[in-house]
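The values are calculated or read from the model by the stated rules, or taken from the named source; none is laboratory data. Quantities reported herein were computed from a predicted structural model and do not represent experimental measurements. Because the Cβ atoms are built from the backbone with ideal geometry, glycine has one as well, and the counts that use them run over all protein chains shown.
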C-alpha cells in the first residue's frame with residue numbers, strides 16, 4: 001500500500017506568508033528541520049534504506065540509513081543534515097518538505113509545476129485589471145478637461 005505524503009507545511013488558502021521575525025535564535029531551524037525530515041521519511045513510499053540508497057545514487061556520496069536516523073534524532077544534535085543533500089532527499093522521499101520549511105521561515109511559499117503557472121496567470125490578470133482601472137481613470141480625466 002502506498003503511503004501518501006502529508007504536507008503539514010501547506011498554508012491555508014488565504015493565509016499570507018509572513019517571514020519569521022529576525023530575532024536572536026528565531027531562525028534556528030534544527031528542530032523543525034529534524035521534524036520535517038522525519039515526517040517526510042515516515043510518509044515516503046520507500047523505507048529509510050531505500051531513501052539512503054537513492055540519495056547516494058543522486059549525490060554520488062555514500063549516505064546510509066544510520067545517517068538519516070542521526071539527522072532526524074533530536075538527541076543527535078552533533079549530526080546536522082547537510083544542505084547539499086536537500087534536493088536528493090526531496091526526490092528520494094517524493095516531498096518538498098525542505099523547500100516548504102525554508103520558504104515558511106522566509107515568508108514565502110513554494111509552488112510546484114502547474115501551481116506556479118496558475119500563480120503567474122493570476123498575477124498577470126491582476127496586472128491587467130490594474131491597467132484597465134488606470135486606463136479608465138485617464139480617460140475620465142481627459143474627458144473632464146474638455
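Structure summary
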{"read-out": "Test: residue in the stretch 76-91 that is over 25 Å from residue 20 (Cα atoms), modelled with pLDDT of 95 or more and touching a helix residue (DSSP H, G or I) at 6+ places or on another chain (Cβ under 7 Å)", "value": "yes"}
{"read-out": "Within the stretch 91-101, tally of residues that are touching a residue at least 40 places away in the same chain (Cβ under 8 Å) and surrounded by fewer than 18 Cβ atoms within 10 Å (Cβ to Cβ)", "value": "1"}
{"read-out": "Positions within the stretch 103-122 being without any contact (Cβ under 8 Å) to a residue 40 or more places away in the chain and in a helix (DSSP H, G or I), in sequence order", "value": "114, 115, 116, 117, 118, 119, 120, 121, 122"}
{"read-out": "Residue match in the stretch 71-85 (condition: loosely packed, with under 14 Cβ neighbours inside 10 Å, free of Cβ contacts under 8 Å to residues at least 12 places away in the same chain, assigned to a helix (DSSP H, G or I) and over 19 Å from the mean Cα position of the chain (by Cα))", "value": "no"}
{"read-out": "Some residue of the stretch 125-143 being over 30 Å from residue 18 (Cα atoms), loosely packed, with under 13 Cβ neighbours inside 10 Å and in contact with a helix residue (DSSP H, G or I) (Cβ under 7 Å, 6 or more places away or on another chain)", "value": "no"}
{"read-out": "In the stretch 20-49, residue modelled with the highest pLDDT [restricted to those that are outside any helix (DSSP H, G or I) and within 16 Å of the chain's Cα centre (by Cα)]", "value": "29"}
